[in-house]
Amino acid sequence: MPNERLFDLAIRAAEMNDAAVLAQLMCELGYETTKLEMQTRMKRIAADERYRTFVAVRDGKVCGMVGTLTCPSYEHNDPGGRILALAILSRMRRRGIGRALIAAAEEDFAQRGIKRVALNTRLAREDAHKFYESLGYERNGWRFVKQLSVRD
C-alpha cells in the first residue's frame, strides 16, 4: 500500500523505552546495535540539550526515527543544525513517514532559530539522495571518513 495516507501517524519525542526499536532501526541502516547499546547511547544523547530524537508512531508502534543536533559553527555567525540519523522500518517505507519526520525536525530547528540544516548520506544510497533533494536539500560537498586507532 505505498500510496496509503498516514492519518494515524504521530510524531513524538523518543523515550528510553523506545531503545529496542531504535536499535532495530540502526540495524536496518547497517549499524549493528543492541538494545543495551542503544539505551546507553540514548542516555548520553538525552543528557545533551543540543540533541533531539523524534519517533514516528503508527498504530501504537514506533516505525521510524530522526535524530538531530544543533551546534555553533566555525564558518557562520549563527548555529547550524544537523540531521544525524533518519531511519524507517523497511516494511513501512514509501508511505510519507520520512517526510513527516524531516518536517518535524525542521520545525524544531526553526523554533530554535536554526536557519541552516545539513546531513550526510552514504554514496550508495541513491534513493536517499533523491528523497533529500525532493525536500529541497542540495548536494554541496564530500564527506571523508577515517577510522583511528585508540589506545586505552
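Rounded to the nearest whole Å², what accessible area per residue is found for the chain with the 1.4 Å probe?
That works out to 70 Å² for each residue.
Amide H to amide H under 5 Å from residue 14: which residues, 5+ apart in sequence or cross-chain, H placed 1.01 Å off N in plane?
53, 54, 55
Counting other C-beta atoms within 10 Å, and keeping those with at most 14, which DSSP coil GluC sites (Glu not before Pro) do you find in region 3-59?
Qualifying residues, ordered by number: 4, 15, 32, 49.
What translational D, rounded to a whole number of µm²/s, comes out for the chain from Stokes-Einstein when the hydrodynamic radius is the Kirkwood one over Cα pairs, at 10 °C and 1.306 mPa s?
96 µm²/s
At 1.4 Å probe size, with the rest of the protein present, what percent of the exposed accessible area of the chain is carbon and sulfur atoms?
51 percent
Under a point-charge model restricted to the Cβ atoms of Lys and Arg (+1) and Asp and Glu (-1), what is the dipole moment magnitude of the chain relative to its Cα centre, in debye to the nearest 20?
So the magnitude is around 220 debye.
Tabulate in residue order the Karplus-calculated ³J(HN,Hα) for region 86-92, using 6.51 cos²θ - 1.76 cosθ + 1.60 with θ = phi - 60°, rounded to whole Hz; enter x for Gly and Pro.
9, 9, 10, 3, 4, 6, 10
Which one, 86, 62, 102, is farthest towards the positive end of the dipole of the chain when Lys and Arg carry +1 and Asp and Glu -1 on their Cβ?
It is 86, whose Cα lies furthest towards the positive end.
Looking only at 50, 12, 91, which one moves most when the chain is put into a Gaussian network model with springs between Cα atoms under 10 Å?
91
Any idea how many Lys pairs in the chain come in under 27 angstrom at the alpha carbon, given 8 or more places apart or on separate chains?
Value for the chain: 7.
Please state, rounded to one decimal and in Å, the Kirkwood hydrodynamic radius that region 56-99 gives when every pair of distinct Cα atoms enters the mean of 1/r.
12.2 Å
Where a ≥ b ≥ c are the square roots of the eigenvalues of the C-alpha gyration tensor, would you call region 70-152 rounded, which needs a/c under 1.5, or, failing that, prolate if a/b is larger than b/c, or oblate?
Judged from the Cα gyration tensor, region 70-152 comes out oblate (a/c at least 1.5, b/c at or above a/b).
The values are calculated or read from the model by the stated rules, or taken from the named source; none is laboratory data. Since the model is a prediction, treat every value here as computed from it, not as a measurement. Virtual Cβ from ideal backbone geometry, glycine too; neighbours counted across all protein chains shown. Calculation scope for accessible area: heavy atoms of the full protein, side chains included, ligands and nucleic acids excluded. Shrake-Rupley method; radii C 1.70, N 1.55, O 1.52, S 1.80 Å.
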